[in-house]
Amino acid sequence: MARKARIPPNNEQNDVDIVFEGFDTTADEPTEQRRGEQEEQLLPDIENDELVKRIVTKGVDMRQYAREIEQELQELEESQLSSYEENESALLELDSEIKGCDEVLENMERLLVNFKSSLGNINNDIQALQSDSLSMSIRLKNRIVTEKQLGRIIQGIVVSPESVRTICDGEVNEKYLECLIEVNKKIAYLRVHNRQHRKLKAFQEMQPELERLCLKASSKIREFLLEKINDLRSLNTNAHILQNSVLLKYRFFNHFLIERHPEAAVEVRDTYIHIMRQYYLDHFETYQRGLMKLERAVADRTDVIGMEESNKISLFGSTKPTARDKNNVFNLGARASVLDIDDDPRAIVLSIAGDTNEKYPFEALFRSYNLALADNATAEYEFIMQFFVSPKARQKITGSDMARMVFGHIYEPSIHVGEQFLKAYLENTHDALGVLLCIRIVSQIAAELQRRLVPVLESYVNLSNMQLWPRFQAILDSHIESIKRLASYRAKAKIDTQPPATVRRYAELAASLLRLNHGYNTHVVALSLARLRAEVQAYITHIANGSSDKHASHVFLVNSYDLTLTVLYENGFTEREEEVSNWKQELTGTVVEFAELELEKHFGYLKQFVVNAEQQSDIGQIGTETINEAVRTFNAEWRNQIAAINSSIIQSFSNFRTGTEILHAVLGQLIIYYTRFHSLYDKRFARRNGSGGGAMSQPVGVQNVMVEIKKYRSNF
């Protein structure tokens, strides 16, 4: 059964009312009727109770057991009441504490409600602060952006007071250059951003001030540059040193004038052109006159291929003694070293050459002058590009045009000096090798200038070639005409088997021209060589045909061809060259003719017999006596005739190689004819009873003849 205890609220109350629910206090025991009703109500629950089931199964009396239980409950109730009475004071004290706690909790509740209200207010304040902070952050960013923009603008246009004082009153030096660079940046910034920021007061105020400062700076650097340029007037001044050490160091000054004060820049440029024009003219004229004193003449008008030594007589002599170098008129020799510009790029120094009294052929002087011209032109053009062309213009075509214009005005007189120097030489020279060397020097100078990217001497190069090539062809024409004249009046006389001086001159000249044409393959040179070769060939043939001695004529031809080829071989040319191939072909044909002629002279009977016998349709028609006569003659004379052939060739040809080839050719032809003769002999007397009878003499064996011939192989 359940029960509930209720404690009176008044602590001073002594009586305690205990109400027990489920018990009837008006009667000690329930009536039988009520008990039965209760049992009926409890039956459904009892049936499902496990404890009841165990009791029933054990046979326990339920009523008795219920009374025991009730008795136990009463005892428990009494013990609980006594325990409550014992702890009453503690319970009252606990009740008092609980009430105190209720009051504290109530106060805490009020505090928390107030705190919640305060937190709400704080939250509103925080939201307001966040809004203000965001607004302030945006304003701060805007201020920073504005400050940066204004800072750049102010930094871009404001010039420091120290720089202003230096520009206006300072000395023009490196510090002045730094200040001018700073001012130039301010002016450039002002012009670039003027349209964008022209409404700013700073721009409006600074623009006229910077313009006045620009005019002041232009005036001072104009005076400075004109003073430095005027220092170039002295002939003893090294212009390139002054250019590199002073003018190029302060080239920004001139660039500043070009951009900020064009009128002053034009004045500086014109002054420089005027001074340097005269400077280079004086130096090159002096150098050219000094070079002319060092010239060693190589050839005159008598030095042509077709001029005999005895005819080189001057009626009036020479009014001006000139050192001549006749050995190098036709032979190039060491003169080709003048083309080794890479190995020796130095020009002739007049003071050193004057001390040694050394003389030079014109091509060496021409090379020296052109090297000096090219080197100075390179230095001057590079200086003009850096000093007179601003960095902006340098990136455009107009910058190159400006540099060419300035260079042209400066170098025009000096180039004219070089043209006159060459013209004076060409009017009097008859040295074809010297002219061709000058042509090759011009080509090398042009290639070097192209490598240096200095395109300012094209007109000079073209004009030099226009002067040199016609003179070169005219000189070769004079050689050709001299050969024609020599061939026209040469009388028929006893021929000299040794080649004339004309052939050697031609061979040396041809070899020299081929050397100078190697790597260039100029058609003009090849065509001139072909014409010259044709005239020399005609001249040699004319001499050979003018003699009645065929043997001497052929020896003359062979010696002439051999000399020509020897000179060409000595200069390193092979049969791949057209010149060598043509002369080799002529030599081969002439050697074959000479071999036949020499064989006809010593073994004509044998050759005639073989030719006539081979023409017979029937070998048996040849008479026995005819064959025996040929056999007897050969057997009696063949050794002596071979020795005579060897002696004749030794006396006719001094060249070991050529003599050996000719001897082998003659003796080879002899073996061929004698072998054919043996073949005819065997056919004619193959049958003992053949018509005509048997042979009376036996010919010498072919093997014996070949053994004898081998003895003469080492004679040369």
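Each reported figure results from applying straightforward, stated rules to the coordinates on display, with no laboratory input. Being a predicted model, the structure only gives us computed values, none of them experimental. Cβ sites come from the backbone with ideal geometry, for glycine too, and all protein chains shown count toward neighbours.
Just a few scattered comments:
- Annotation: peptides 501-508, 386-393, ranked by per-residue average of other Cβ atoms within 10 Å with the highest first, follow the order 501-508, 386-393.
- Global form of the stretch 576-662, assessed from the alpha-carbon gyration tensor, a/c cut-off 1.5: oblate
- For A297, the residues whose modelled amide H falls within less than 5 Å of its own, excluding neighbours fewer than 5 places apart on the same chain, are A323.
- The simple spin-label model puts a point 7 Å past each Cα toward its Cβ; for R289 and N244 those points are separated by 2.9 nm.
- The stretch 161-260: C-alpha gyration tensor shape, a/c 1.5 cut-off, then a/b vs b/c: prolate
- Full-extension gain in nm, R152 to L527, via 0.36 nm per residue minus C-alpha separation: 127.6 nm
- For K423, the aspartates and glutamates whose Cα falls under 20 Å of its own Cα, not counting residues fewer than eight places away in the same chain, are D282, E285, E295, D300, E363, E412, D431, E458, D477.
- Per-peptide average of other Cβ atoms within 10 Å, ordering 77-90, 473-486 highest first: 473-486, 77-90
- Label positions at D549 and Q207, each projected 7 Å from the Cα along the C-beta direction, are separated by 10.7 nm.
- Using the Cβ-Cβ distance between H416 and A538 with R0 set to 45 Å, the FRET efficiency works out to roughly 0.55.
- Highest to lowest packing among 449-456, 101-108, scored as the average C-beta count within 10 Å: 449-456, 101-108
- For the stretch 535-548, 3J(HN,Hα) computed residue by residue from phi via the Karplus equation (6.51, -1.76, 1.60; θ = phi - 60°) reads 5, 5, 4, 5, 5, 5, 5, 4, 5, 5, 6, x, 10, 7 Hz, glycine and proline entered as x.
- A simple spin-label model places pseudo-atoms 7 Å from Cα toward Cβ; at I650 and K58 they are separated by 17.0 nm.
- With a Förster radius of 56 Å applied to the beta-carbon distance between D343 and K601, the computed FRET efficiency rounds to 0.50.
- Among residues other than V349 with Cβ under 12 Å from its Cβ, the summed charge is -1 (Lys and Arg +1, Asp and Glu -1).
- Estimated FRET transfer efficiency when R0 is 35 angstrom, pair L350-H409 (beta carbons, to 0.05): 0.80
- Candidate aspartates and glutamates for bridging to K601, where Cα separation is under 19 Å - those fewer than 8 sequence places away on the same chain excluded: D549, E593, E629, E637, E661
- Set of aspartates and glutamates near K141 by C-alpha distance (under 20 Å), chain-local residues within fewer than 8 positions excluded: D132
- Phi-based couplings in Hz for the stretch 667-676 (Karplus 6.51, -1.76, 1.60; Gly and Pro marked x): 5, x, 5, 4, 4, 4, 5, 5, 5, 5
- Cα pair count fraction exceeding 33 Å, expressed as % - the stretch 262-489: 28
- Residue-span extension gain [K711 to E78] - 0.36 nm each, minus C-alpha spacing: 210.6 nm
- Chain lengthening between I138 and T237 when straightened (0.36 nm per residue, less Cα-Cα): 28.8 nm
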